[in-house]
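The structure under discussion appears below in the form of structure tokens.
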Amino acid sequence: MLMLALLLSSSAGFAQNELKLRRLHMYRDGAAILEYSGLMSTRQARYQMTLPAQAVAAGIQVRLTEREKLVNYQVHQLEKEKLEALGSLLDLLKANVGQNVTIEAFEGRESVGYSGELLSVHPAAEMVFLRTGTAVEAIPVKSIQHLAGGKALQTGAMVKHFDRVLTVYLTGDFADLNTTILIPASDFSSDARYLLDFDKEKTEMSLDLSITAPFALEDMEVLYYNHPYEVSEVSAFSSQAAFRFTGVSIPANTRTNFQVLSAEVPLALSDEVAVPAWEPGDQTLTSKTTGKRYLSLTNGSNMDWFSSAIYERKGMSLGHIPANLPEIPKKTTVRMEYGPSPYILTDNARLVKVKKRAVDLNGMRYDSYLYVGRIEIRNTSLEAGRVRVVKQCVPDTRRNYWFANQYLDLKAKTKQEVQKLEYEVKVEANDVAFYSYRYELLIPSDN
């Protein structure tokens, strides 16, 4: 947690404030906004907040409920000195340069003692030099066993370091004034994914979120935004969170998982086979097409589903659906491709008649092509099912094609001008269904 120090000028009064870190605004790309808020009660005061290493100075905002109050703030470096214990013999020697010390060292099998003034020590020194009464003794650092001295022996060192500090200056009397400080931060990470569980009595969708924070958070409210962070969002502070949850504690540098959403999901699996159209000049007039399986999901929860990876559990095993869950507003349904279908469709057609005739369509002459076709629908699965067949009769890229007549021996369909035929067929397990069709194409004649 961040420390908040309240520094008052010599003429200012002192009052305890309740400003502390209360919310974490988390973004998909690892950026975050730390929201400090609370009551501030003071006069002619300034307070300083030590910023964490992950804080981003650009975009910091300080807000007061009373907007007529004048607020000035800046980010600067504050120099501090801290007494640190010396961790090695070489550091101890460097800290006592110029002092009279006694060094005991081993030379061969014997211990020899030296007393004198310790001369300058290089940071990478292998030898130290001691000025005695009449000479300078060179002593290998590795041979030193004991070091003693008088009151001047230093066992610690003052180390300077710099902290980034946010200083807020207040002018006038602030009595229980609500203050909010928004500080952008980096080095957070998050991962949100959906789990579609087929093993429940009713299919259930859960949203799992994992968050890793660079420092510990205690009893936080976390707001998660499933889009990248932008600096403008700090000043506007108008982003719509995907969801929020309270009372969250996250250890430092530890992946923490949360289950945010769990709701029953009405769904339907459907199979569809799209068959291309025949064009004049096509000599093969035979095509084989594999169907696709689609999954329709209905969002019956109270939140809008955002786009994220979706996994499935079926037979207690995880398998990745080959798509991300698209954005689905609540109370709506979306269809996504789920995988290959067990239906294979073979379309055979023949050109039975070509007739050149004049047709009264804007005074143009058209050639009439009459096709007769047969569709074979094979079900390779062990379960009976239904498949929707979409037969494209007129290529979308050819604007001058008209579909004139259709004749189907299926569900008593009538003649109509359409561009595709759609019908649903039930096929038993490991069985084949056959259906016939006939249509006429009117194509602008070259004659």
Residues of the range 141-152 being at pLDDT 80 or above and either surrounded by 13 or more Cβ atoms within 10 Å (Cβ to Cβ) or among the charged types (D, E, K, R) (or both), which ones? V141, K142, S143, I144
Can you confirm whether the range 203-217 contains a residue that is exposed (fewer than 15 other Cβ atoms within 10 Å of the Cβ), more than 30 Å from I321 (Cα to Cα) and modelled with pLDDT under 85? no
If A309 satisfies all but one of (1) of a type in the set (G, A, S); (2) over 18 Å from L207 (Cβ atoms); (3) open to solvent by 20 Å² or more (accessible area, probe 1.4 Å), what's the number of the condition it fails? (2)
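Give S445, S381 a once-over and let me know the one that is more than 21 Å from T286 (Cβ to Cβ) and at pLDDT 85 or above.
Being more than 21 Å from T286 (Cβ to Cβ) and at pLDDT 85 or above holds for just one of S445, S381, which is S381.
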So, in the range 222-249, exactly how many residues are open to solvent by less than 30 Å² (accessible area, probe 1.4 Å) and of a type in the set (D, E, K, R)? 1
Would you check if there is a residue in the range 338-356 being of a type in the set (V, I, T), in a loop (DSSP other than H, G, I, E, B), farther than 30 Å from I443 by Cα and modelled with pLDDT of 90 or more? no
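Evaluate the following for K288: is it outside any loop (DSSP other than H, G, I, E, B) and within 30 Å of P444 (Cα to Cα)?
yes
Going by the conditions given, is E104 in contact (Cβ under 8 Å) with a residue 24 or more places away in the chain and surrounded by 11 or more Cβ atoms within 10 Å (Cβ to Cβ)?
Considered against the rule, which asks whether it is in contact (Cβ under 8 Å) with a residue 24 or more places away in the chain and surrounded by 11 or more Cβ atoms within 10 Å (Cβ to Cβ), E104 comes out as yes.
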Of the residues in the range 250-272, those that are open to solvent by 30 Å² or more (accessible area, probe 1.4 Å), part of a loop (DSSP other than H, G, I, E, B) and within 28 Å of E201 (Cα to Cα) number 1
If you check D219 against the conditions, is it within 30 Å of E312 (Cβ to Cβ) and touching a residue at least 12 places away in the same chain (Cβ under 8 Å)? no
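Which one is most open to solvent (accessible area, probe 1.4 Å), of the residues in the range 114-137 that are within 30 Å of L83 (Cα to Cα), assigned to a strand (DSSP E or B) and not hydroxyl-bearing (S, T, Y)?
That would be R131.
A quick yes/no check of all residues on (1) among the aromatic types (F, W, Y); (2) within 23 Å of A58 (Cβ to Cβ); (3) at pLDDT 90 or above; (4) not in a strand (DSSP E or B):
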site: K160; (1), (2), (3), (4): no, no, no, no
site: V168; (1), (2), (3), (4): no, yes, no, no
site: T179; (1), (2), (3), (4): no, yes, no, no
site: D187; (1), (2), (3), (4): no, yes, yes, yes
Going residue by residue through the range 71-79, is there one that turns out to be more than 20 Å from A236 (Cα to Cα), among the acidic types (D, E), modelled with pLDDT of 65 or more and in contact with a His (Cβ under 9 Å, 6 or more places away or on another chain)? yes
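The values are calculated or read from the model by the stated rules, or taken from the named source; none is laboratory data. Please read all numbers here as calculations on a predicted model, not as lab measurements. When we count neighbours, we look across all protein chains shown, and the Cβ atoms used for this are built from the backbone with ideal geometry, even at glycine. Please note that ligands, DNA and RNA were not included when accessible areas were found on the heavy atoms of the full protein model with its side chains. Shrake-Rupley method; radii C 1.70, N 1.55, O 1.52, S 1.80 Å.
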